[in-house]
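I have placed the structure first, in the form of structure tokens, so that the comments after it can refer back to it.
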Amino acid sequence: PLPAPAIGVGACTEVTYTPPGAPTPQEGELCRPAADVDAKDVGVVLLHGGSGTGGRWSDLDGWVDAYLGAGYTTLNVDYELFSPGNEDEPVFPRPEQDAKAAVQYLRGVAPGLGVAEDRIVVHGTSSGARIGAVAFTTPGDPAFEGPELWPGVSDRVDGFIGFYHPYDGTMQYADQYFGGTEFSTDTLVQTRLDKGDSLGHAND
């Protein structure tokens, strides 16, 4: 388990969910349902949309309110965004690593929040759905390992809810995001494209 933040029932607090030493620390808002609500032992990580180039966690505040009202603990997060045309290296897999780190963080603090470690769900919209689907279909994949993830904490996603995005890796700015297109002869590019194809890994 990770040290749980000081957060009371019915409260919210901002947290840094990436591990110490992560190249780009990322923040989010952790919320617990109120005392007069029938609390569930499920935690929900929320990933906002914005084409991967914009948006922030507050865009999903309405969903957070709905989940809290139904008794679910939430972790509503930001993740690494990119600027079209201004990247010197492929964007992938940095946002996906952030999603995995958020899952790990909520799992790590779950015992102190009344959340079961095997009941962590990801809810994503638009680009957040694409990123969340990658996290859902690549548990424990060494291709995503690095200082962005928590050592010794499972990144498994136990349930996934996604809205408004293809799941085969298709996206705007795919060349910049993956470092090349499907026609590239670079094996690293092809590996990134494969890892970004959630549909292709759905039955793995």
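The values are calculated or read from the model by the stated rules, or taken from the named source; none is laboratory data. Remember, it's a predicted structure, so these values are computed and weren't measured experimentally. Please note: Cβ atoms are built from the backbone with ideal geometry, for glycine as well, and neighbour counts cover all protein chains shown. Heavy atoms of the whole protein, side chains included, go into the accessibility calculation; ligands, DNA and RNA do not. Shrake-Rupley method; radii C 1.70, N 1.55, O 1.52, S 1.80 Å.
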Quick one: check the C-alpha center-to-center distance for segment 18-36 versus segment 45-118, whole angstrom. 9 Å
Taking placed amide H atoms and a strict 5 Å upper bound, the residues 5 or more places from residue 49 or on another chain that come that close are 125, 128
How large are Rg and Dmax for segment 101-204 when only the alpha carbon atoms are used, in Å? 14.6, 49
Over 21 Å, how big is the tail of the calculated P(r) for segment 1-108, in percent of all Cα pairs? 36 percent
accessible surface per residue for the chain, probe 1.4 Å, DNA/RNA/ligands not counted, whole Å² -> 45 Å²
Expressed in square angstrom to the nearest 10, the accessible area of residue 56 with a 1.4 Å probe stands at 100 Å²
Cα-Cα separations in segment 153-204 greater than 17 Å, expressed as whole percent: 44 percent
So what's the net charge close to residue 133: Lys and Arg +1, Asp and Glu -1, counting the other residues with Cβ under 10 Å from its Cβ? -2
Most to least accessible of 195, 100, 40 (protein chains only, probe 1.4 Å): 40, 195, 100
Whole-percent carbon and sulfur share, accessible surface of the chain, 1.4 Å: 51 percent
Rank these by accessible area, largest first, 1.4 Å probe: 197, 204, 118, 98. 204, 118, 197, 98
Counting DSSP beta bridges with both partners in the chain, what percentage is antiparallel, nearest 5? 40 percent
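Quick check: with the 1.4 Å probe, what order do 173, 105 take by accessible area, largest first?
Correct descending sequence by accessible area is 173, 105.
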Along principal axes, Cα extents of the chain, largest first, whole Å: 57, 33, 32
